[in-house]
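Any read-out appearing in this document is the output of simple, stated calculations on the displayed coordinates, not a laboratory observation. If you're wondering where the values come from, they're calculated on a predicted model, not measured in any experiment. Heads up, the Cβs are rebuilt from the backbone with ideal geometry, glycines too, and the neighbour counts pull from every protein chain shown.
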Amino acid sequence: MTTANEPAGAATAALRELLDLLTTDTSAEQLSRPADRARAAGANTQEQRAIDDATRVARDIHRTLTQRRRREAELAALFDTASDLAALRDLDSVLRAIVQRARTLLGTDIAYLTLIDFGVGDTVMRVTVGSVSAKFQQLRLAMGEGLGGLVAQTARPYASTDYRTDFRFTHTGSIDEGVDEEGLRGILGVPLRVGSQVIGVLFASDRTPREFTPDAIALLASLADHAAVAIDGARLLEETRSALVELNAANEKARAHSEAMARAADTHDRLTDLVLTGGDVDDVAREIAALLDGGLALHDADGTELARVGTAPLTPPEQGIEASRTGGRAVPVDGTWVCAVLAGPELLGSLLLTGRAGLTADDRRLFERAALVTALLLLLRRSVAEAEDRVRGELLDDLLTVPPSGGLRDTGSLALRARKLGINLTRHHAILVANCDPDLRSRLLAEAARRARMLGGLAGTRNGYTVLLAPTADPGPLAHDLAQELTRGLGTPVTIGAAGPTTGAECLPDIYDEAHRCLGALETLGRFGEGAGPAELGFLGVLLGERADIAGYVDRVLGPVIDYDTQRGTELVRTLDAYYDHGASLARSKDALHVHVNTVVQRLDRVTQLLGPDWNTPSKALEIQVALRLHHLVQQRTHR
């Protein structure tokens with residue numbers, strides 16, 4: 001016999017069962033069973049509705065818990081991946097581990113990785129997992145071709161549900177043949193980036209059509225970020241190993257030779273230890289000078305003196321350096337021994353030894369060995385500088401980048417990163433955008449980075465241009481001085497557009513755009529080798545500036561005339577209006593003003609005294625007419 005309390009008891013049991021199910025690893029389908037049992041037990045409409053509502057809430061909770069578990073599993077997998085990759089040292093092993101993990105994380109039929117061949121300018125297939133097609137495994141994709149070429153070119157992830165029928169991408173015969181032979185349909189590709197540079201593309205693909213969710217794209221992109229760091233580390237490690245192998249081989253050869261060669265090896269070790277324990281160029285120069293009992297000067301590849309011991313300032317002889325570089329030996333030039341400092345074929349600098357008219361064969365070898373160690377020192381210095389400049393350049397790029405789709409920028413995080421590099425964004429800062437001959441842009445970036453460090457700012461590249469963030473309240477004069485300095489240093493015109501100043505990180509993207517427009521205006525006007533901001537570009541600055549200072553422009557161009565009229569009640573501004581409105585005709589101007597022609601002449605003479613004798617030249621006249629229009633516009637707005 002059923003009592004009146006049995007339905008209520010069934011409802012209570014159903015709710016308790018729902019709670020129990022949520023605490024276990026149950027499926028979504030099983031969450032419906034308590035409601036079914038309550039319905040079968042005769043729960044009334046109100047109780048059944050409460051149970052159904054509780055079931056819906058339980059499903060939502062179950063779905064949320066499932067998503068969090070999956071995300072935790074993905075994050076754990078990414079952490080494991082980062083740990084695994086950090087333990088690998090061989091580049092090929094790193095690449096294979098990355099591709100295998102990509103296939104596992106996304107559960108795809110195949111995963112593969114391409115690296116950019118910077119010498120050729122395309123991407124080449126490097127590692128595949130799950131592939132069966134030899135033609136596919138040998139694919140090369142030019143920039144912009146296919147899905148992968150577009151990812152490499154734009155540094156953005158792309159996904160295709162069915163690549164065969166997806167004509168958003170540039171299809172080529174070789175790519176389509178390889179994809180068809182492999183049987184691929186759904187393809188996802190994300191960029192492998194080291195800083196702002198794309199070094200390759202990581203792919204996950206299925207042999208059936210597949211819709212890649214935003215979570216899947218984000219997961220593969222996160223893996224690619226870890227992978228790029230591991231690839232860069234493995235590559236640098238291989239380069240270091242190669243350098244150490246060469247160094248060890250040189251040491252072995254030295255120890256196998258005569259007693260003199262043993263002395264050279266011992267000296268080499270002493271210098272190397274000096275470098276590896278933190279010795280700078282001055283320490284190495286003093287050691288070499290003491291070993292060879294002479295004066296020594298060390299210069300970089302551009303001839304800038306880096307260190308000098310026991311000798312007067314010297315100018316590196318270009319012919320002697322080239323002879324040493326070509327022959328791989330130290331050469332005498334007018335009583336001075338010259339040895340090129342090389343890293344492979346690259347010239348890093350030169351060593352000049354004075355006070356030794358002749359060198360024995362042993363001392364000559366010692367001098368040449370010292371150049372090798374000096375090369376190691378310069379490479380280490382450059383690596384440290386490049387690493388620091390890369391970090392600073394990445395921060396600058398982030399400061400100038402506007403998030404896609406109107407996303408919010410984490411300005412607090414940017415300010416914190418800046419403070420760690422000694423940059424106080426609460427001070428006034430300006431943006432400078434520089435350009436020069438494309439063949440010298442790398443040198444321009446190096447010089448800009450050096451100058452940025454001196455100023456306490458940042459330097460980097462953006463869209464092929466060199467960009468500086470500099471603490472200053474006067475961007476125009478700084479751009480002018482810097483353009484002159486860099487033009488002299490590089491021996492080619494360096495043009496610089498500037499904008500600002502501003503404080504904080506919020507306005508920096510807009511300031512960059514304004515500085516870029518100023519640069520474009522300078523180049524359009526043929527003012528190569530100059531530097532200027534909106535204030536120095538006259539009315540062009542008013543047109544180009546995001547924050548046009550109309551009142552300031554009018555004051556710079558027409559201020560003395562306006563002030564004269566205000567103080568004396570004259571009509572010089574009105575006379576200039578009539579003069580320009582009537583084609584610079586004195587006769588028509590005096591009729592419009594209802595005065596004698598001599599009065600017009602006298603007033604224009606006064607304008608000459610106030611604005612200078614060149615006020616009526618074509619370029620100045622244009623500036624004055626624009627200022628007159630703006631002046632009247634401001635007056636109209638003021639009197640409304």
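Worth pointing out:
- Using the Karplus relation 6.51 cos²θ - 1.76 cosθ + 1.60 with θ = phi - 60°, the per-residue 3J(HN,Hα) values for segment 171-176 come to 8, 10, x, 5, 5, 5 Hz, with x marking Gly and Pro.
- The phi torsions of segment 610-616, fed into the Karplus equation with coefficients 6.51, -1.76 and 1.60 and a -60° offset, translate into couplings of 7, 9, x, x, 9, 5, 9 Hz, rounded to whole numbers, with Gly and Pro shown as x.
- With contacts taken as Cα pairs under 8 Å at a separation of at least 6 residues, segment 456-526 carries a relative contact order of 22 percent.
- Extension gain, residue 174 to residue 584, is 140.7 nm, computed as 0.36 nm per intervening residue step minus the present C-alpha separation.
- The modelled label-to-label distance for the pair residue 302/residue 567, using points 7 Å beyond Cα in the direction of Cβ, is 4.9 nm.
- Amide H within-cut-off set for residue 341, under 5 Å, with H built and near neighbours excluded: 348, 349, 350, 351
- Reach of residue 420 by Cα under 17 Å, taken over aspartates and glutamates that are not fewer than 8 positions away in the same chain: 388, 389, 394, 397, 398, 410
- Amide H contacts of residue 307 (H built 1.01 Å from N, in plane; Pro and chain starts excluded): 298 sit under 5 Å, all sequence-distant by 5 or more or on other chains.
- The magnitude of the dipole of segment 550-638, with charges of +1 and -1 set on the Cβ of Lys/Arg and Asp/Glu and taken from the Cα centre, is near 80 debye.
- Phi angles across segment 585-600 convert, under the Karplus curve 6.51 cos²θ - 1.76 cosθ + 1.60 with θ = phi - 60°, into 3J(HN,Hα) values of 9, 5, 5, 6, 5, 5, 5, 5, 8, 6, 10, 6, 4, 5, 5, 4 Hz, Gly and Pro given as x.
- Normalised contact order of segment 405-544, rounded percent, pairs of Cα under 8 Å and 6 or more residues apart: 27
- Whether segment 259-384 is rounded, prolate or oblate, judged on the alpha carbon gyration tensor where a/c under 1.5 counts as rounded: rounded
- Ranked packing of 211-221, 194-204, 360-370, most packed first, by mean Cβ within 10 Å: 194-204, 360-370, 211-221
- Relative contact order for segment 89-237, counting Cα pairs under 8 Å that sit 6 or more residues apart, in percent: 26
- Three-way shape label, segment 93-144, alpha-carbon gyration tensor, a/c 1.5: prolate
- Cα gyration tensor shape for segment 89-237, rounded if a/c is under 1.5, else prolate or oblate: rounded
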